Amino acid sequence: MSEEFPAYVDVDYTDGEGEDPADYPSLQHKIEKAIDVTRQGLEEYENPAVMWTGGKDSTLTLYFINEVAEEFGYEKPTAVFIDHFQHFDDITDFVERWADEWDIDVVYARNEDVGEYVDEHGLEPGDDIPVDALNEQNQHHIRDILEYEEDDFPFLLDTYVGNHLLKTVALNNALEEYGIDGVISGVRWDEQEARADETFFSPRHDPDIYPPHDRIQPILQFAEADVWDVFWSYVVPETVEAFPDEGYVPESAEDLPEGVSQEDVPISPKYFAGFRSLGSEVSTEKTEEEPAWLQDLENTTERAGRAQDKEDLMERLRDLGYM
């Protein structure tokens with residue numbers, strides 16, 4: 001990465017400051033802004049990458065990247081998938097299927113040190129890992145950055161130590177390994193309180209915390225319902241040949257238009273099954289039986305199915321580099 005970073009990047013770090021989804025009153029306004037931010041992200045950064053979890057927000061972000069790259073002739077960035085060892089199989093299958101369909105190169109970011117200890121000792125989620133069994137980097141993060149004082153920590157993603165080691169440390173190592181200067185991510189203002197003050201271009205330049213880079217966030221302005229509106233009105237009709245051009249909102253996987261199967265649709269099957277937010281296999285539950293887009297999005301919490309101890313620590317985790 002250039003020692004002059006971020007001098008070669010010409011973006012407005014205040015873009016979006018003090019705004020919320022209501023400042024983009026129509027779906028078209030939101031889409032136009034997403035395209036504009038995506039185009040700047042692909043143009044301004046020397047080696048951008050997109051974070052892809054297989055969830056709706058990162059998949060929508062990847063859709064905008066595909067559209068902009070193809071229309072304006074940009075090279076598609078690499079997708080970084082953080083493998084935290086506790087994924088639903090459906091999600092990894094989904095990512096592999098659509099990476100092939102959309103011709104996306106995917107790299108897998110893993111905390112190999114933790115993974116090797118887990119494999120060697122046959123651990124299951126929730127089992128304890130001794131801090132002193134890990135390498136110097138992980139011990140530094142646990143003791144000096146997280147200031148965690150216990151001798152062991154549970155092998156669980158949605159905890160303070162687990163989330164930081166399995167996701168943030170893994171991501172930062174990937175940023176350094178691949179020389180990534182711009183991380184395009186699918187965070188939204190309305191998704192979680194700790195993200196409400198984010199801007200479309202957000203600097204992460206402190207070398208003591210993470211490899212210097214910027215976060216590029218094209219869909220901050222989308223509410224949860226907007227994401228589903230765009231999928232069923234634009235993304236799916238433009239991706240699936242047999243899908244009605246005018247769009248259609250199915251009531252279940254069995255309610256798709258004739259000639260369209262669930263596998264044809266670039267939406268994780270977990271959303272059809274009633275999940276609204278996707279985390280680890282062991283700590284994420286479906287919120288209802290009906291598909292995510294048909295649930296009461298306005299009066300219920302999107303991340304209610306996620307482990308709440310991690311949700312309560314979100315602001316601190318984000319300060320340390322979490323998405």
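The values are calculated or read from the model by the stated rules, or taken from the named source; none is laboratory data. All figures in this text were calculated on a predicted structure; none of them were measured in a lab. Here the Cβ is made from the backbone with ideal geometry for all residues, glycine too, and neighbour counts use every protein chain on show. Remember, those area values only see protein heavy atoms, side chains included, never the ligands or the DNA or RNA. Shrake-Rupley method; radii C 1.70, N 1.55, O 1.52, S 1.80 Å.
Some values worked out for this structure:
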{"item": "Where residue 17 falls short, out of the listed (1) surrounded by 21 or more Cβ atoms within 10 Å (Cβ to Cβ); (2) farther than 28 Å from residue 162 by Cα", "result": "(1)"}
{"item": "Some residue of segment 24-43 being at positive phi and without any contact (Cβ under 8 Å) to a residue 40 or more places away in the chain", "result": "no"}
{"item": "Check on residue 96, over 19 Å from the mean Cα position of the chain (by Cα) and open to solvent by 40 Å² or more (accessible area, probe 1.4 Å)", "result": "no"}
{"item": "Members of segment 53-84 found to be among the aromatic types (Phe, Trp, Tyr) and buried (at least 20 other Cβ atoms within 10 Å of the Cβ), listed by number", "result": "63, 64, 81"}
{"item": "Cβ-Cβ under 9 Å pairs, at least 6 apart or on other chains, segment 161-178 side closer than 10 Å to residue 211 by Cβ, far side of a type in the set (Phe, Trp, Tyr)", "result": "171/210; 171/322; 172/210; 174/108; 175/210; 176/210"}
{"item": "Yes/no for residue 246 being modelled with pLDDT of 95 or more and under 22 Å from residue 49 (Cβ atoms)", "result": "no"}
{"item": "Hits in segment 285-323 - residues which are open to solvent by 20 Å² or more (accessible area, probe 1.4 Å), hydrophobic (A, V, I, L, M, F, W, C) and at pLDDT 65 or above", "result": "293, 294, 297, 304, 313"}
{"item": "Listing of strands (runs of 3 or more DSSP E) fully contained in segment 116-232 that carry 2 or more residues being under 22 Å from the mean Cα position of the chain (by Cα)", "result": "182-184, 201-204, 213-216"}
{"item": "Test: residue in segment 27-45 that is open to solvent by 10 Å² or more (accessible area, probe 1.4 Å), of a type in the set (A, V, I, L, M, F, W, C) and either under 17 Å from the mean Cα position of the chain (by Cα) or closer than 30 Å to residue 134 by Cβ (or both)", "result": "no"}
